[in-house]
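The values are calculated or read from the model by the stated rules, or taken from the named source; none is laboratory data. All values reported here derive from a predicted model rather than from experimental measurement. Every residue, glycine as well, gets a Cβ built from its backbone with ideal geometry; the counts of neighbours run over all protein chains shown.
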Amino acid sequence: MSGKAESVRQAAGAVAKPGEDNTKVKKLKIVGFLCNWCSYAGADLAGVSRMQYPEEIRIIRVPCSGRINPLLVLKCFQEGADGVLVSGCHPGDCHYQEGNLYARRRMLILRSLLAYFGIDERRFHMSWVSASEGKKWADTVRSLVEDVRAAEAEVKAGVPVW
């Protein structure tokens with residue numbers, strides 16, 4: 001299976017889980033696309049260090065944040081994701097030289113189009129987390145979950161996205 005097809009399969013699988021019990025307080029479905037070299041290692045450090053962060057995130061490891069097509073982010077929302085996080089190496093530290101700069105450019109454009117698709121901007125985050133920043137990873141996930149919950153509360157209250 002090609003890398004692109006595998007990413008699409010993983011994204012759909014991270015969101016659609018048959019047989020989940022939704023009768024209790026809604027557990028969010030947040031998809032995180034993490035760079036293999038920095039952000040994934042930062043998330044691993046947070047886990048190994050036993051830092052507390054919300055369990056709602058489902059991680060998909062990608063070679064580089066520059067490989068994430070904005071349509072893949074939209075596909076996650078289409079499949080029912082409550083939030084999406086794209087996380088990569090700090091600018092200037094990319095293992096593939098410029099991949100994170102391409103990702104930043106693409107995701108900024110995507111962010112400006114989210115309202116057009118009826119998606120609250122707070123449901124999408126992009127961050128730079130290095131392998132040694134486990135605490136920053138935990139704080140980033142916590143912030144995303146808070147923002148998604150706030151967006152959900154406004155939707156329930158009838159506040160329009162635009």
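In this structure, does L110 turn out to be in a helix (DSSP H, G or I), out of contact with any Gly (no Cβ under 8 Å at 6 or more places or on another chain) and not aromatic (F, W, Y)? Yes. Residue check: is V129 among the β-branched types (V, I, T) and either surrounded by fewer than 16 Cβ atoms within 10 Å (Cβ to Cβ) or under 12 Å from the mean Cα position of the chain (by Cα) (or both)? Criteria not met by V129.
For the range 113-162, filtered to residues that are polar (S, T, N, Q) and touching a strand residue (DSSP E or B) at 6+ places or on another chain (Cβ under 9 Å), the residue that is farthest from E98 (Cα to Cα) is S143. Of the residues making up the range 96-133, those that are in contact with a helix residue (DSSP H, G or I) (Cβ under 9 Å, 6 or more places away or on another chain), touching a residue at least 12 places away in the same chain (Cβ under 8 Å) and closer than 20 Å to A153 by Cβ are A115, I119, D120, R122, R123, F124, H125. Of the set (1) of a type outside the set (V, I, T); (2) in a helix (DSSP H, G or I); (3) within 18 Å of L144 (Cα to Cα); (4) modelled with pLDDT under 95, all apply to G13 but (3).
The residues in the range 148-162 that are modelled with pLDDT of 90 or more and of a type in the set (K, R) can be counted, and the count is 1.
Having 2 or more residues that are in contact with a strand residue (DSSP E or B) (Cβ under 8 Å, 6 or more places away or on another chain), under 13 Å from R123 (Cα atoms) and not charged (D, E, K, R) is the bar; report the strands (runs of 3 or more DSSP E) wholly within the range 23-90 that clear it.
On the way: elements: 30-35, 57-62, 83-88.
Per the criteria, 30-35, 83-88.
Taking the criterion of being buried (at least 18 other Cβ atoms within 10 Å of the Cβ) and assigned to a loop (DSSP other than H, G, I, E, B), the only residue of the range 132-162 that qualifies is E133.
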